[in-house]
Amino acid sequence: MEHRSDEELLAGSLKGHKGDFKVLLERYEGELFNFLYHTVGDRQAAEDLFQETFMQVFSNIERFRPDGRFRPWMYTIAANLARDEMRRRRRRKTFSLDAEIHRGEEVSLVEMIESHAEDPSMLAADEESRTLATEMMESLPGNLREVVVMYFYNDMKYTEIAESLGLPMGTVKSRLYRAVREMTETMKRKRGF
């Protein structure tokens with residue numbers, strides 16, 4: 001287990017110690033992927049954004065302030081990339097899985113996808129919970145979603161979130177409060193309360 005700080009590892013990387021950068025990458029692999037996945041809601045996009053984040057970290061390593069902290073700097077890069085991805089998605093044209101594949105045929109794409117899942121009745125409760133959690137996260141605007149993911153999924157402190165997103169601490173707290181309130185309202189509507 002590597003006990004050097006992130007900043008020491010980054011300084012070692014800057015001096016050409018490639019192993020130090022690999023340790024940083026491995027240290028944040030799960031946490032950063034989790035943040036990106038819950039922010040953009042797509043596994044493949046999160047994997048791509050994770051790689052892009054570390055490519056930008058590596059490309060801009062000499063720009064890191066010696067008195068700065070690595071984790072918020074990395075999250076700033078990741079959050080900006082996730083926002084860009086969400087903007088791109090809003091501009092992309094989408095199509096329905098129920099739409100006909102070929103004109104004149106009554107077969108849809110969703111009908112052609114073969115399921116390899118076990119007995120669906122056994123997974124129904126778990127799927128309903130996952131669906132509700134996904135709907136609650138997707139109902140949030142991006143600026144609230146990223147704060148929720150950083151706080152609840154990545155266990156970041158208010159100060160770290162504020163530093164990562166370049167926001168005042170009060171804004172972070174109010175966004176988190178609004179996000180929890182909106183998710184609670186979404187859950188109440190879905191559950192019929």
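At a glance:
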quantity	calculated
Candidates Glu31, Glu7, Glu52, filtered to the one that is more than 22 Å from Asp155 (Cβ to Cβ), out of contact with any Asp or Glu (no Cβ under 6 Å at 6 or more places or on another chain) and in the same structural domain as Gly68 (by TED's automatic domain parsing)	Glu52
Residues of segment 162-177 satisfying the condition of being of a type in the set (A, V, I, L, M) and without any contact (Cβ under 8 Å) to a residue 24 or more places away in the chain	Ala162, Leu167, Met169
Matching residues in segment 10-44 - criterion: being surrounded by 21 or more Cβ atoms within 10 Å (Cβ to Cβ) and of a type outside the set (S, T, N, Q)	Leu10, Leu24, Tyr28, Leu32, Phe35, Leu36, His38, Val40
Restricting segment 129-152 to residues that are closer than 18 Å to Ile77 by Cα and not charged (D, E, K, R), the residue that is surrounded by the most Cβ atoms within 10 Å (Cβ to Cβ)	Val147
Residue match in segment 36-55 (condition: more than 8 Å from the chain's Cα centre (by Cα), closer than 24 Å to Leu144 by Cβ, not hydroxyl-bearing (Ser, Thr, Tyr) and not in a helix (DSSP H, G or I))	yes
Filter result for the condition that a residue is over 19 Å from Leu32 (Cβ atoms) and at pLDDT 80 or above, over Ala179, Ala99	Ala179
Unmet requirement for Arg88, which otherwise passes all of (1) surrounded by 12 or more Cβ atoms within 10 Å (Cβ to Cβ); (2) more than 30 Å from Ser5 (Cα to Cα); (3) modelled with pLDDT of 80 or more	(1)
Selected residue (only one of Ala133, Ala125, Ala117 is part of a helix (DSSP H, G or I), modelled with pLDDT under 85 and over 17 Å from the mean Cα position of the chain (by Cα))	Ala125
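The values are calculated or read from the model by the stated rules, or taken from the named source; none is laboratory data. This is a predicted model, so every value here is computed, not measured. With ideal geometry, Cβ positions are generated from the backbone for all residues, glycine too; neighbour counts draw on all protein chains shown.
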